[in-house]
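Encoded as structure tokens, the structure appears first; notes follow it.
Any read-out appearing in this document is the output of simple, stated calculations on the displayed coordinates, not a laboratory observation. Every value quoted in this text rests on a predicted model; they were computed, and no experiment measured them. Every residue, glycine among them, receives a Cβ derived from its backbone with ideal geometry; neighbour counts consider all protein chains shown.
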Amino acid sequence: MNSMPSDSASMSFVDRVVVPGDHVLDLTGMANQTIKLGAGLRQDGDAISVMKAGKLRISKPNKYWVESSHKRYVPCVEDTVLGIVVDSKFDNFLVDIKAPMLGLLPVLAFEGGTRRNIPKFEIGTLLYVRVVKANNTMNPELSCMDETGKAAEFGPLKDGYMFETSTGLARMLLSSPPCPILESLGKSLSYEIAIGLNGRVWVNAASPSTVILVSNAIMNSEFLSAAQQKIMVEKLMKRLQ
Amino acid sequence: MEQRLANTWQMTVNERKFIEMALAADLRVDDRGPFDYRPCTITFGRVGGSSEVQLGETRVMSYVTSQLVQPYRDRPNEGTLSIFTEFSPMADPAFEAGRPGEFAIELGRIVDRGLRESGAVDMESLCVVVGKLVWSIRVDLHILDNGGNLIDAANIAALASLLTFRRPECTLGGDDNHELIIHDIEDREPLPLIIHHLPVAVTFAVFGEGNIMV
């Protein structure tokens, strides 16, 4: 048996669904420890209480947060998202990232970008970008470079098909080790995929029927367990043959 | 002033090209054939006259009520039928509460014309006293979730609720046979509307240069 956790009260809530008002941690027994609180938690005197419904997660040694899945996206710094160009201004592109406000992508935020080689994006271009600044009063700021200034994989995505899902499914697809649905699809089909934490997913493959199969399989896999996802992919493969 | 808020749905260039390419191969993005419908479920409320239709992700609720009013001067022996639509903001971020927008009015008029001009609902049976009192039927359509094809779903909802609606029976009685008595539903069985036929709306979309249709 593993060693007894020091805060047995909170261990009973971790990885379980919590709702606003639950007290998940009692601070009276933890005098000299620092606890880091993430999204959805608040200190209420001597207890930590929940503000957002979702699953309570812990990252050892002392980080707690509440994870939930929504159809709208709240921008966070360092998130990689898929945006759609809505308009282009003199020094910014206006990009829709499923957030309450449009994101601003500076025209110079590209590798080797100068005033002379500003990219021309038509309205409706799909971009893979990184969120640089985000707070809830200003429009979020985006960038097509990583921290060192290289392009990495950021920039416009060509061809393929894009669909929207919830943020929870996007996080599951991006988890490591790789999500079972992507692995089992990859065993029999070859496709490329870009996943945005704002709930947008882009899929590309050689034939349209593969793209449609992959995108429908992903959309249907949100609430299935790992074993159920593998079974669903097997059934789809049998139907193809 | 430039738009800084994001509340309308945008389509990407990738999606547009892909949908047209897939349609050329007779594939639709959600794995349907070109002429397939999404699964349709109709749920009826306990009280007659209310129904909820679910067509794939689209949900529309319909509610029928009736009232005794004075008829129009040029049609003294016919009842009236009116359709009201409400596009709830919970259906789509682009819908705004309050006054109906252009599409809301258009949807209401399409459903209204389908029912009225085909003569589906019998109007003359709604007359109680010629020139003085007729039944006015009001259909309220609430859009709960916009997953596409609102016209077909709203039409089915209106038909379903009109078919299950029951109006109280009323007779002329009293001392001088001129007093109108509206019977309670406990006393006399309420009557259904007389519906001659069911006009069903089917929406088609045309892509490309008019040579691809779903």
Can you spot the lysines whose alpha carbon is less than 30 Å from residue A:63's alpha carbon? Ignore those fewer than 8 places along the same chain. A:36, A:52, A:55, A:71, A:98, A:133
From other protein chains only, count the Cβ atoms within 10 Å of every residue's Cβ in A:215-223, then give the mean. 1
In a Gaussian network model of chain B with springs linking alpha carbons closer than 10 Å, the residue among B:157, B:25, B:120 that fluctuates most is B:25
Looking only at GluC sites (Glu not before Pro) in DSSP loops with at most 13 other Cβ atoms within 10 Å, what is the longest site-free stretch of chain A? A:154-241
Partner shielding of A:119-128, as the mean number of partner chain Cβ atoms within 10 Å, equals 2
As an exercise, use a Förster radius of 60 Å and the Cβ-Cβ distance of residue B:130 and residue B:21 to find the FRET efficiency, rounded to the nearest 0.05. 0.45
How many Cβ atoms of partner chains, on average, are near each residue of A:195-204 if near means within 10 Å of its Cβ? 1
Filtered hits (lysines, Cα-Cα < 18 Å from residue A:230, offset >= 8 within chain) -> A:187, A:238
Need one word for chain A: rounded, prolate or oblate. Basis is the Cα gyration tensor (sqrt eigenvalues a ≥ b ≥ c); a/c below 1.5 gives rounded, then a/b vs b/c decides. oblate
Which of A:59, A:88, A:190 fluctuates most in a GNM of chain A (C-alpha springs under 10 Å)? That residue is A:59
Arranged from highest to lowest average of other beta-carbon atoms within 10 Å per residue, in what order do the peptides B:82-88, B:159-165 appear? B:159-165, B:82-88
For the range B:1-133, with only Lys/Arg (+1) and Asp/Glu (-1) charged at the beta-carbon, what is the dipole magnitude about the Cα centre, in debye rounded to 20? 320
Just from its helices, what would the mean residue ellipticity at 222 nm be for chain B, if runs of 4 or more DSSP H residues each count -39500 (n - 2.57) and the sum is divided by every residue, rounded to the nearest 500 deg cm²/dmol? -6500 deg cm²/dmol
Dipole moment magnitude, nearest 20 debye, the protein assembly as shown about Cα centre, only Lys, Arg, Asp, Glu C-beta charged: 1500
